[in-house]
1. Looking at the stretch 268-287, can you tell me whether even one residue there is modelled with pLDDT of 95 or more, in a helix (DSSP H, G or I) and under 12 Å from the mean Cα position of the chain (by Cα)?
2. (1) open to solvent by 60 Å² or more (accessible area, probe 1.4 Å); (2) touching an Asp or Glu at 6+ places or on another chain (Cβ under 6 Å): which one isn't true of residue 374, the others all being true?
3. Select from the stretch 81-116 the residues that are open to solvent by less than 10 Å² (accessible area, probe 1.4 Å) and either outside any helix (DSSP H, G or I) or at pLDDT below 95 (or both) and list them in ascending order.
4. Under 7 Å between Cβ atoms, at least 6 apart or on separate chains: pull out the pairs that start in the stretch 112-138 with a residue that is within 12 Å of residue 319 (Cα to Cα) and touching a residue at least 24 places away in the same chain (Cβ under 8 Å) and end on any residue that is among the polar types (S, T, N, Q) and not in a loop (DSSP other than H, G, I, E, B).
5. Somewhere in the stretch 300-308, is a residue open to solvent by 10 Å² or more (accessible area, probe 1.4 Å), among the hydroxyl-bearing types (Ser, Thr, Tyr) and within 26 Å of residue 43 (Cα to Cα)?
6. Looking at residue 146, is it over 24 Å from residue 77 (Cβ atoms), open to solvent by less than 40 Å² (accessible area, probe 1.4 Å), of a type in the set (Val, Ile, Thr) and assigned to a helix (DSSP H, G or I)?
7. Report the residue count in the stretch 31-68 for those that are among the basic types (Lys, Arg), modelled with pLDDT of 65 or more and in a loop (DSSP other than H, G, I, E, B).
8. Looking at the stretch 195-222, which of its residues are in contact with a Leu (Cβ under 9 Å, 6 or more places away or on another chain) and modelled with pLDDT of 90 or more?
Amino acid sequence: MLYYLFDYLEREFNVPGASLFQFISFRAGMATLLSLLITITFGKRLIQYLQKKQIGEIVRDLGLEGQLQKKGTPTMGGIIILSAIIIPTLLFARLDNIYVILVLVATVWMGTVGFIDDYIKTFKKNKEGLAGKFKIVGQVGLGLIVGLTLYFHEDVKVRQFDEELMGSITNVGEEIQEMPQGAYEDVRTTQTTIPFVKNNEANYKNLLSFITFGLVELPDAWTWVVYVAIVIFIVTAVSNGANITDGLDGLAAGTSATIGITLAIFAYVSGNLLFSQYLNVMYIPDLGELVVFATAFVGACIGFLWYNAFPAQVFMGDTGSLSIGGIIAVMAFAVRKEILLPIICGVFLIETLSVMLQVTYFKYTKKKYGAGRRIFAMAPLHHHFQKKNLHEAKIVSRFWLVGIMLAIFSLVTLKIR
């Protein structure tokens, strides 16, 4: 909103300093600052309100050190995160940008699903919360919206350049690029980035050659079905991965902040003509605006640690964890780095795999030997280390370090080909 206000003030009244709002870097910095202020300032008030309403965590005794002390800790703190994302974005981002609209929809959509789950747990005193099938319906619904929008919306394009004319670019700014006529063409495509290869772009329509019914190959018109199905799968997987990771004080918030910084850098690079040409990555017009949202997301996660770091004064609940995962997945598709998610979200992946392996092996050994056996002392993996008597704060800090290393490696893939 402020973008339009100051743009008007500059054009009509030439107000000094109003032109600052034309720069994504300035608005991203302000969004981060406001996001931090919202979480820190209003977080305490929300915690007091939740305590007054006795909206506390219901803890099952799993035999973990310090677990029972968490009983009664206010939950639904994800409301703090969502507020600290949405308010700065509405104030500092351009609200006519399709990528900004899409991530805002994802935030509200998954936040609502998570809120319903937390509401059932806390107010209805039902430990199971929202039935798993309804969570899946919510995740699939978001995947459908995102997939169909990214595939069909006319503003979702990639700019392809004529290399012979690129040398005559006269000016490159954050949002305005002056280039000779015919130097580029904006095309709608399902191209994405494949890491570690020289020409690191691939198209989802090429997957159709591997999908056949009998001897009949699927036509290109079916590309949207394949693309949307992949979007649904990844949105569901990352959302659940974030939810599983949210088991120790500060673990999910800290890890998500690192992921958000990584995706913000990718968005800035792909949305800036100069950097995209220098690094030889696809240039996506208007994508740079997503940086404002991404930095607000990072500020919200870091600010939430003010109250969520060990010992936690509030838990984010499914309101926060499900929405965080959904947001990350949508941003990854917007910047066309979804294939990098196993690296960027490596902590989420490891946590999810630990649960899958534990359950699968237990069922297999129970069927074969009559008694189930376990790979880990407990799953998800962070509970395994708790069982090994590692302090919760140490486990979290080490998981953060792993997340930081994976984030750096993800960024290095811009040059490793």
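The values are calculated or read from the model by the stated rules, or taken from the named source; none is laboratory data. This one's a predicted model, so the numbers in the text were calculated from it and none came from an experiment. Every residue, glycine as well, gets a Cβ built from its backbone with ideal geometry; the counts of neighbours run over all protein chains shown. For accessibility, only protein heavy atoms count, side chains too; no ligands or nucleic acids. Shrake-Rupley method; radii C 1.70, N 1.55, O 1.52, S 1.80 Å.
1. Scanning the stretch 268-287 turns up no residue that is modelled with pLDDT of 95 or more, in a helix (DSSP H, G or I) and under 12 Å from the mean Cα position of the chain (by Cα).
2. Condition (2) is where residue 374 drops out.
3. 93
4. Close Cβ pairs satisfying both conditions: 114/319; 114/321; 114/323; 115/319; 118/319.
5. The first filter runs over the stretch 300-308 and keeps only residues open to solvent by 10 Å² or more (accessible area, probe 1.4 Å), leaving 302, 305-307.
Those still in the list that are among the hydroxyl-bearing types (Ser, Thr, Tyr) too: 307.
With within 26 Å of residue 43 (Cα to Cα) added as a condition, the list becomes 307.
Yes, the stretch 300-308 contains at least one residue that is open to solvent by 10 Å² or more (accessible area, probe 1.4 Å), among the hydroxyl-bearing types (Ser, Thr, Tyr) and within 26 Å of residue 43 (Cα to Cα).
6. Numbers: over 24 Å from residue 77 (Cβ atoms): yes; open to solvent by less than 40 Å² (accessible area, probe 1.4 Å): yes; of a type in the set (Val, Ile, Thr): yes; assigned to a helix (DSSP H, G or I): yes.
Against the criterion (over 24 Å from residue 77 (Cβ atoms), open to solvent by less than 40 Å² (accessible area, probe 1.4 Å), of a type in the set (Val, Ile, Thr) and assigned to a helix (DSSP H, G or I)), residue 146 qualifies.
7. At the first step, the residues of the stretch 31-68 found to be among the basic types (Lys, Arg) are 44-45, 52-53, 60.
Then keep just the ones that are modelled with pLDDT of 65 or more; that gives 44-45, 52-53.
Right, trim to in a loop (DSSP other than H, G, I, E, B) and you get 53.
So the count comes out to 1.
8. Once the filter is applied, which keeps residues that are in contact with a Leu (Cβ under 9 Å, 6 or more places away or on another chain) and modelled with pLDDT of 90 or more, the stretch 195-222 yields only 195.
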